[in-house]
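Single-structure report; data block below.
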Amino acid sequence: LPVGTFNRLPGMIADCLPDDFGNALTTAYLANEGIGADQITPLDRLAYLGTRGVGALEFHPIRGPRTRKATAIELSELVVAARGALAGDIRTADGITDALQHLIVVGTSAGGARAKAVVALNPATGELRSGQVPPDPGFEPWLLKLDGVGRDPDLGATGHFGRIEYAYHLMAVAAGIEMTECRLLEEGGRAHFMTRRFDRDRGGRKLHTQTLCALGHLDFRQIGAHDYSQLFLLLERLGLGAATRAEVFRRMTFNVAAAICDDHTKNFSFLLPEGGGWRLSPAYDVTHAHAPSSKWTGQHLMAVNGRAVGITRADVREVGDRFMVPAFSEVIGQVLDAVAKWEIFAAKAGVPEATVEHIADDIAAWSGPLRG
């Protein structure tokens, strides 16, 4: 297995390792304790993660911070702490170290490159608490993506990522895609995207979760190496039927039509509830991702009928026919109807007009060939 992704670990274990943002937090925290980045092993990172990972797997003995009580979260402090951690500087101002300690607890377990926090939300009051302990009555487990954090020259300025992702959530649901509840949390001129966790039930109990990357040993970092056919074949191995094939086909078609080129193997997951069988997780990381000059998002990371660019209606139909997807022509139509309403969903999410127009151009370019 490729060392860069699997770190000489089995796929199911490597799947639990933090990604870019979580690793940045862990490295910053351990540096504060005198441990250099070159001394940190993958096993150290798992031990540091302890019981705070995505899914149900836990790692002992625990090396990282322990949280026994859910404490209130101040979002503005988390944003500043996240900026500092990504910059490798955790002592830029009074109180940053304390905020980083809080962010370490809520931010190291979630995967992906964007800065995230695992929180408990009270939907009735809007109150946020640390999400790494069983939620108190009235609180639910959610994932929050921090707006105002990035690695660009305008570090800290909102990139409207939260608003875009919320608009895409609305559009995906309109296309019939299964997602958990999502919302925007406005704070200090920023709009943080929130989504209810699917790896925790309403009572906070853990559900075993694995990505396509782990189950299929399909390295998400390998560009041009994967095809949606590999996902459909995994469905067969897991004993999942026609309804799941239709859902995967719907997501594949939506990813193409909506210019979601970041469709790599870590962006598809499966759940194994206690006493049950494998099932497809709700969709996640559903947002615009296309930059023509990028090696990552200049094309789709999972090919459709062997094509990563220039995907046509014939390609999509060929996949539907090959894997016996029920009523796939109707699914294509439902997806195209939804993406045609992008401007409506963007307005509901408050996406700026210039961004709406840019994304509309991308959607037109990718969805046009699907209209036949």
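Quick rundown of the values:
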read-out: Qualifying position, being surrounded by fewer than 20 Cβ atoms within 10 Å (Cβ to Cβ), at pLDDT below 95, closer than 22 Å to N7 by Cα and among the small types (G, A, S), among G216, G224, G204; value: G224
read-out: The range 30-55, subset among the aliphatic types (A, V, I, L, M), in a loop (DSSP other than H, G, I, E, B) and surrounded by fewer than 17 Cβ atoms within 10 Å (Cβ to Cβ), residue modelled with the highest pLDDT; value: I40
read-out: Residue check for N255: under 17 Å from Y168 (Cβ atoms) and part of a helix (DSSP H, G or I); value: yes
read-out: Residue in the range 314-328 that is among the acidic types (D, E) and part of a loop (DSSP other than H, G, I, E, B) present; value: no
read-out: G310 being closer than 25 Å to G11 by Cβ, out of contact with any Lys or Arg (no Cβ under 8 Å at 6 or more places or on another chain) and in the same structural domain as D337 (by TED's automatic domain parsing); value: no
read-out: Residue ID - modelled with the highest pLDDT, chosen from residues in the range 6-29 that are surrounded by fewer than 18 Cβ atoms within 10 Å (Cβ to Cβ) and within 14 Å of R221 (Cα to Cα); value: N7
read-out: Single unsatisfied condition, F254 versus (1) surrounded by 16 or more Cβ atoms within 10 Å (Cβ to Cβ); (2) on the phi > 0 side of the Ramachandran plot; (3) assigned by TED's automatic domain parsing to the domain that holds E353; value: (2)
read-out: Scan of the range 184-201 for residues that are under 18 Å from F139 (Cα atoms) and surrounded by fewer than 17 Cβ atoms within 10 Å (Cβ to Cβ), ordered by number; value: D201
read-out: Verdict on D315 being under 24 Å from W342 (Cβ atoms), at pLDDT 95 or above and of a type in the set (D, E); value: yes
read-out: Residue match in the range 303-313 (condition: part of a helix (DSSP H, G or I) and over 21 Å from the mean Cα position of the chain (by Cα)); value: yes
read-out: Condition broken by I177, with the remaining ones in (1) at pLDDT 85 or above; (2) within 18 Å of A117 (Cβ to Cβ); (3) not hydroxyl-bearing (S, T, Y) satisfied; value: (2)
read-out: Which numbered condition A172 misses (of (1) assigned to a loop (DSSP other than H, G, I, E, B); (2) among the aliphatic types (A, V, I, L, M); (3) at pLDDT 90 or above); value: (1)
read-out: Residue within the range 119-139 that is modelled with pLDDT of 90 or more and of a type in the set (K, R) present; value: no
read-out: Every residue from the range 202-238 that is under 18 Å from D262 (Cβ atoms) and part of a loop (DSSP other than H, G, I, E, B); value: L218, D219, F220, R221, Q222, I223, G224, A225
read-out: Yes/no for Q210 being closer than 30 Å to V335 by Cβ and in contact with a strand residue (DSSP E or B) (Cβ under 6 Å, 6 or more places away or on another chain); value: yes
read-out: Residue identified as touching a helix residue (DSSP H, G or I) at 6+ places or on another chain (Cβ under 7 Å) and either modelled with pLDDT under 95 or not acidic (D, E) (or both) among A289, A347, A338; value: A338
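Okay, residues lined up against (1) in contact (Cβ under 8 Å) with a residue 24 or more places away in the chain; (2) in contact with a helix residue (DSSP H, G or I) (Cβ under 6 Å, 6 or more places away or on another chain); (3) surrounded by 13 or more Cβ atoms within 10 Å (Cβ to Cβ):
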| site | (1), (2), (3) |
| --- | --- |
| A258 | yes, yes, yes |
| D262 | yes, no, yes |
| F268 | yes, yes, yes |
| P273 | yes, no, yes |
| H300 | yes, no, yes |
| I311 | yes, yes, yes |
| R317 | no, no, yes |
| G320 | yes, yes, yes |
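The values are calculated or read from the model by the stated rules, or taken from the named source; none is laboratory data. Nothing here was measured: the structure is a model prediction, and the numbers come from that model. Every residue, glycine among them, receives a Cβ derived from its backbone with ideal geometry; neighbour counts consider all protein chains shown.
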